[in-house]
Amino acid sequence: MIIDFSTHVLPQRTFRMIDAMPQRFGAMTREIQGVRALYDMEERFRQLDRVPEHLQVISLASPALEEIATPEQIRHIVPLANDEMAELVAMHPDRFVGFLASLSLDDVNWSLREMERAFDQLGAAGIQLSTQIRDTPLDDPRFEPVFEMLARRDKPLFLHPARPPGLADFPGEKGSLFGVGQVIGWPYLTSVLMWRIICRGIFDRHPGLKIVTHHLGGMIPYQSARMEEMLQYELDALDEGRRREGLAGFRHTSGEYLRMFYGDTSMQGSVEPVRCGISFFGVPKVVFGSDMPFSSVGDTLDGLAKLGLDARSYSAIAGENALRLIA
């Protein structure tokens, strides 16, 4: 049994609500309509019939709602999207094993109520959030209650990178050129947020917090030695400041903190990057993720098979690890 933790949908009523927003969805409409498996479940299931027995955890597709809607609009979109994803899971239990709820962190108190509703009434398996909410990174103290609830309820956070298209790569430019902002900017921002979550002490305040990073931890596994050395330097400096203020210091090394995150296998079927990520995080911290329908389930499965994992490790990554996260 394969359990795909990282798959996306755009349910039809949600899509119609977003598409009706004046000048908001605009240029995305044609692109989304070209990815029929986002909203056409018959097409999605035809694609899934080509791969081995396969259950999916579904979450709302990009772009991040904060990039395309006002706070007031999002408060209408989010409950509908969560309702529709719950309906899909209920209607197709042989295809979908759970869903990750969306939130509207423009209003944190509102989001906490929606989290409770999603968990208690809709049966959400966890939540999906972007690396930043508009211009505010997710590690900002205002979002602390979200991490607290996730840890208390033992629910996972799926951390999805997001980068506004107008964000430039260099100060003198007006936006990112040549598609760099998404292809390179996404793993960069994922890595930045992982670093900041550690330095903010979020894992210390919320032991057991489960954060699954999309695309296998961004840049972290591939520059791990440099990352761990420099992060440890920062933690030591922060520790010194904490001691002067009479506060508790960090409880773990930089490497231990970095390996508290999970990663998914969503790497477009690449073999060596996935091998690197598994080596860094360890088999228990890697879940199968294809990024369907933006990437191929078959290619991701083929890449996993080429790693030459023993049967126990393969089973853990292919399904057991995800099942423990959402149980």
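Here are some notes:
- Only one entry in 287, 271 is surrounded by 17 or more Cβ atoms within 10 Å (Cβ to Cβ), at pLDDT 95 or above and within 30 Å of residue 232 (Cα to Cα), namely 287.
- Sole exception among (1) part of a helix (DSSP H, G or I); (2) out of contact with any Lys or Arg (no Cβ under 8 Å at 6 or more places or on another chain); (3) modelled with pLDDT under 95; (4) of a type outside the set (D, E, K, R) for residue 143, by number: (3)
- When each of 75, 113 is tested for being in a helix (DSSP H, G or I) and without any contact (Cβ under 8 Å) to a residue 24 or more places away in the chain, the lone residue that passes is 113.
- Answer from 123, 34 - the residue that is among the small types (Gly, Ala, Ser) and at pLDDT below 95: 34
- Counting only helices (runs of 4 or more DSSP H) wholly contained in segment 168-227, the ones carrying 3 or more residues that are not charged (D, E, K, R) occupy 180-183, 185-199.
- None of 88, 105, 100 is part of a helix (DSSP H, G or I) and in contact (Cβ under 8 Å) with a residue 12 or more places away in the chain except 88.
- Residue list for segment 54-72, filter: part of a strand (DSSP E or B) and under 15 Å from residue 19 (Cβ atoms): 60
- Checking residue 239 against (1) in contact (Cβ under 8 Å) with a residue 12 or more places away in the chain; (2) part of a helix (DSSP H, G or I); (3) more than 19 Å from the chain's Cα centre (by Cα), the condition it does not meet: (1)
- Whether a residue is farther than 21 Å from residue 57 by Cβ and either without any contact (Cβ under 8 Å) to a residue 24 or more places away in the chain or surrounded by 21 or more Cβ atoms within 10 Å (Cβ to Cβ) (or both) was assessed, and residue 166 passes this test.
- Of the residues making up segment 124-151, just one is β-branched (Val, Ile, Thr) and surrounded by fewer than 19 Cβ atoms within 10 Å (Cβ to Cβ), namely 136.
- Single match in 230, 260 (criterion: outside any helix (DSSP H, G or I) and modelled with pLDDT of 95 or more): 260
The values are calculated or read from the model by the stated rules, or taken from the named source; none is laboratory data. Treat the numbers as computed from the prediction; the structure is a model and nothing was measured. Note that we place each Cβ from the backbone using ideal geometry, even for glycine, and neighbour counts take in every protein chain shown.
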